[in-house]
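Scroll down for the structure; my scribbles are underneath it.
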């Protein structure tokens with residue numbers, strides 16, 4: 001069966017870097033990486049630099065198209081931010097990937113202002129979720145204030161000034177009242193989250209978050225690998241963040257290794273794995289680029305949509 005994607009292995013994708021310089025060092029990379037996930041400079045050179053080059057070319061071409069439209073309409077040229085969506089499962093490495101990509105894109109002289117926004121800030125508050133019996137469904141489509149997220153995306157694309165995104169705390173497992181991330185007309189915005197490629201259902205689902213994307217990326221991996229990464233991250237958090245009495249998950253800090261593993265596997269089985277299979281992975285083929293990871297978080301296959 002014909003595929004809309006071009007398929008690349010690591011060497012063929014790496015060759016597309018051409019002369020793109022490596023602008024990150026080991027110290028930069030150490031600050032950008034997440035728990036239990038180590039990305040090497042070799043991985044940056046092989047996977048991220050060709051992607052950075054591709055996106056730089058896309059940004060330039062898109063700005064030219066906007067300028068043509070402004071010329072046609074007889075108005076002053078003011079290109080909206082180029083928006084990149086990053087989707088994938090819990091624990092697949094979206095945050096680390098997005099931070100590294102942001103750092104690389106910001107080092108191009110054509111677009112030095114790059115913001116990163118996570119859709120966690122558009123989750124409904126714990127109080128609201130609890131009132132509707134949805135606290136155990138956090139991360140599922142119904143747990144997000146999608147209307148607020150779409151309004152934010154409209155503002156990002158059209159506003160002449162700063163717009164604000166709500167802030168989510170992983171420590172308190174809730175929205176932080178009165179705290180906002182300011183997005184003030186950057187050159188590029190990376191929007192990272194579980195739900196960014198979902199289309200929803202029903203009569204009200206006429207405008208989607210992905211409608212505002214200029215480019216979209218899906219991070220993929222075998223479910224068994226993602227579950228293993230989730231369990232490893234849970235064990236690390238048990239030894240660090242969960243020990244803080246202010247943490248929502250402080251009750252897990254005293255679990256034994258065996259109990260912590262069992263708890264993490266149960267959370268995966270009943271929540272995160274279900275969400276992946278039912279809501280997240282079905283959106284994979286809507287992405288412009290799919291990066292397939294192996295067991296050590298290394299990208300081993302790259303699929304770029306060609307049609």
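Things worth noting here:
- Residue that is nearest to the chain's Cα centre (by Cα), among those in region 143-163 that are under 21 Å from residue 133 (Cβ atoms) and modelled with pLDDT of 95 or more: 144
- Residues considered: 14, 30, 19, 2. Of these, the only one that is part of a helix (DSSP H, G or I), without any contact (Cβ under 8 Å) to a residue 12 or more places away in the chain and more than 15 Å from residue 294 (Cβ to Cβ) is 30.
- Any chance residue 207 is touching a helix residue (DSSP H, G or I) at 6+ places or on another chain (Cβ under 7 Å), closer than 26 Å to residue 100 by Cβ and surrounded by 14 or more Cβ atoms within 10 Å (Cβ to Cβ): no
- Boolean, residue 114 is surrounded by 15 or more Cβ atoms within 10 Å (Cβ to Cβ) and modelled with pLDDT under 95: no
- Scanning region 33-54 for residues being surrounded by 13 or more Cβ atoms within 10 Å (Cβ to Cβ) and in a helix (DSSP H, G or I) gives a total of 13.
- Only one entry of 149, 129, 134 meets the criterion of being touching a helix residue (DSSP H, G or I) at 6+ places or on another chain (Cβ under 6 Å) and without any contact (Cβ under 8 Å) to a residue 12 or more places away in the chain, and that entry is 134.
- Complete set of residues in region 217-251 that are more than 24 Å from residue 38 (Cβ to Cβ) and either in contact with a strand residue (DSSP E or B) (Cβ under 7 Å, 6 or more places away or on another chain) or assigned to a helix (DSSP H, G or I) (or both): 250, 251
- Failed item, numbered, when residue 170 is tested on (1) modelled with pLDDT of 95 or more; (2) surrounded by fewer than 17 Cβ atoms within 10 Å (Cβ to Cβ): (1)
- Filtering region 195-232 to residues that are at pLDDT below 95 and within 30 Å of residue 251 (Cβ to Cβ) leaves only 195.
The values are calculated or read from the model by the stated rules, or taken from the named source; none is laboratory data. Everything quoted here is computed from the prediction, not taken from an experiment. Here Cβ is always computed from backbone atoms with ideal geometry, including for glycine, and neighbour counts include all displayed protein chains.
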